[in-house]
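Participant: Here's a structure for you.
The values are calculated or read from the model by the stated rules, or taken from the named source; none is laboratory data. Keep in mind the model is a prediction, meaning the values are calculated, not measured. In this analysis, Cβ positions are derived from the backbone assuming ideal geometry, glycine residues included, and neighbour counts consider all displayed protein chains.
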Amino acid sequence: MKRLLIFLVILISTGSGAATNTGAEADHEQLRQLLATAREAINAARPELLAPFLHEDHVITVITQEIVNDNKPLQQWYEEWFKKPDAPLRRMTTEPKASILTNIYDGKFGVCHGTSVDTYELKDGRTFKMDAKWTATVIKEHDQWKLLALHVGVDPIDNALINSYRGALGLGGVMIEIKRLFSN
């Protein structure tokens, strides 16, 4: 919480705070590369490729709404969801697209949002495609953009996983099945 307050104070105190999405082309190219690296790391099941692009104080809210940060590193989260014997997922791929050019604030902070089509393969062989939305905050340190915060979410009521159970189980059955699938 303290870091969030510091971030907000810095953001508010950096002059006008006016956003511009007309930052240097080099900045936007580096940000496009960051998005491409994230896609490649997820699709190749190699979360360690993201490490150089994560700010030391990063916080990521993944689709399960769990927080990934220094207290629970990305590699640990990945192992729990994909590699452990009782992990519910076998594989995930993503195709993220930015909906806007990153709004860059005072050359130091950027905010972007977009969509992705994420495909989840469960250990039991079923596959689900989900339309997700994301919001990212990036920070520039030593001429390199790094991910400071990322939030990913899907519609909790209307998505492929819920819809697969809706007809057969009704809403109550859907909630029980979700708890069963994702409880560790």
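Participant: Among the residues of region 32-64, write down those that are outside any helix (DSSP H, G or I) and hydroxyl-bearing (S, T, Y).
Facilitator: T61, T64, listed by residue number.
Participant: Would you check if there is a residue in region 99-119 being acidic (D, E) and either under 14 Å from A38 (Cα atoms) or at pLDDT 95 or above (or both)?
Facilitator: Looking for residues that are acidic (D, E) and either under 14 Å from A38 (Cα atoms) or at pLDDT 95 or above (or both), one finds at least one in region 99-119, hence yes.
Participant: Which of the numbered conditions does L31 fail, given that it passes all the others? Conditions: (1) surrounded by 10 or more Cβ atoms within 10 Å (Cβ to Cβ); (2) at negative phi; (3) modelled with pLDDT under 90.
Facilitator: Unmet for L31, out of (1) surrounded by 10 or more Cβ atoms within 10 Å (Cβ to Cβ); (2) at negative phi; (3) modelled with pLDDT under 90: (3).
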